[in-house]
Amino acid sequence: MRYLILLLLLVAGSCESHSFDSDKRQLIAKDEIRRLVSRGRSFDITAFNQDTIGADGDSIAKFYLRYNLQFQYIDSVGNLQKKKGVVLFTPDGLSVINSQIVEPDQQQH
């Protein structure tokens with residue numbers, strides 16, 4: 001009985017959790033954008049979405065992960081700023097390719 005419980009715990013603990021990876025990427029994206037905000041205070045994410053985009057010009061189709069974050073912060077002068085952050089991850093989702101802040105109404109390709 002003890003071995004059966006140990007085996008079940010071992011199997012349950014070794015299962016992959018893609019939800020955990022997604023959550024981890026979301027935190028990385030937030031940290032990347034927050035790093036780009038110079039002297040910002042009161043940093044708040046107001047909207048978030050994740051999508052995949054195809055790479056142009058590749059003979060082998062690769063899909064990159066793009067995280068879009070709508071956020072607001074109070075700048076160093078005390079004004080409320082509303083911006084959009086875009087973070088692009090490699091196809092495996094392990095590394096950041098690019099991160100930038102754009103105006104909320106700007107479309108990113």
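The values are calculated or read from the model by the stated rules, or taken from the named source; none is laboratory data. Being a predicted model, the structure only gives us computed values, none of them experimental. No Cβ is skipped: glycine too gets one built from the backbone with ideal geometry, and neighbour counts run over all protein chains shown.
A few notes on this one:
- Condition broken by MET1, with the remaining ones in (1) within 27 Å of GLU103 (Cα to Cα); (2) over 14 Å from the mean Cα position of the chain (by Cα); (3) modelled with pLDDT of 70 or more satisfied: (1)
- Residues being assigned to a strand (DSSP E or B) and either at pLDDT below 90 or of a type in the set (A, V, I, L, M) (or both) are represented in the stretch 87-95 by at least one member.
- Taken over the stretch 37-48, the criterion of being outside any strand (DSSP E or B) and exposed (fewer than 14 other Cβ atoms within 10 Å of the Cβ) is satisfied by SER38, ARG39.
- Residue within the stretch 87-96 that is charged (D, E, K, R) and surrounded by 11 or more Cβ atoms within 10 Å (Cβ to Cβ) present: no
- Some residue of the stretch 12-24 being modelled with pLDDT of 90 or more and surrounded by 10 or more Cβ atoms within 10 Å (Cβ to Cβ): yes
- In the stretch 96-109, the residue that is modelled with the lowest pLDDT out of those that are of a type outside the set (S, T, N, Q) and in a loop (DSSP other than H, G, I, E, B) is HIS109.
- None of ALA55, ALA47 is under 24 Å from GLY93 (Cα atoms), of a type in the set (A, V, I, L, M) and modelled with pLDDT under 90 except ALA55.
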